[in-house]
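**Q** Below are the structure tokens for one structure; questions will follow.
The values are calculated or read from the model by the stated rules, or taken from the named source; none is laboratory data. What you see is a predicted model; the values in this text were computed from it and never measured. Every residue, glycine as well, gets a Cβ built from its backbone with ideal geometry; the counts of neighbours run over all protein chains shown. Accessible surface is based on the protein model in full, side chains and every heavy atom, while ligands, DNA and RNA are left aside. Shrake-Rupley method; radii C 1.70, N 1.55, O 1.52, S 1.80 Å.
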Amino acid sequence: MSGIRSAGREPTMLQYKTVVMDYAPKAATMAANIEQSANDMAGQGWRLTTMSITNSAKAILVFERDA
């Protein structure tokens with residue numbers, strides 16, 4: 001998926017990537033897993049844009065980077 005961002009400057013094409021984290025019912029475990037995933041993805045040039053925790057104790061992480 002890609003998008004365009006242009007807050008008063010040259011438009012920039014963006015790529016998005018979604019990662020679903022495995023079941024982690026403990027908050028500390030969930031936080032550690034999210035932190036690890038965010039750091040791993042940052043090493044590949046991705047920025048964590050938003051995230052959501054589901055009722056089934058899974059996390060959905062959305063990353064973006066310039067195309």
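**Q** Please list I60, I34, I53 in order of solvent-accessible area, largest first, computed with a 1.4 Å probe with all protein chains present.
**A** I53, I60, I34
**Q** I would also like to ask the following. If one takes the longest principal axis of the Cα atoms in the chain, at what angle in degrees, from 0 to 90 and to the nearest 10, does the Cα axis of helix 27-42 lie?
**A** 30 degrees
**Q** I would also like to ask the following. How large, in percent, is the carbon and sulfur part of the accessible surface of the chain at a probe radius of 1.4 Å?
**A** Carbon and sulfur together cover 52 percent of it.
**Q** Keeping all protein chains in place, calculate the accessible area per residue for the chain (probe 1.4 angstrom), answer in Å².
**A** Value returned for the chain: 69 Å² of accessible area per residue.
**Q** With charges set only on the Cβ (+1 for Lys and Arg, -1 for Asp and Glu), what does the dipole of the chain come to about its Cα centre, in debye to the nearest 20?
**A** 120 debye
**Q** Moving to a separate point now. From the list [x] 20, 37, 25, 13, 5, 0; [y] 21, 45, 24, 10, 1; [z] 22, 54, 23, 2, can you say which value of P(r) over Cα pairs in 10 Å bins from 0, in percent was derived from the structure given?
**A** So the structure-derived entry is [y].
**Q** Any idea of V20's accessible area? Nearest 10 Å², probe 1.4 Å.
**A** Per-residue accessible area (V20): approximately 90 Å².
**Q** Roughly what would the spin-label model give for T54 and D22, points 7 Å off Cα along C-beta, in nm?
**A** 1.5 nm
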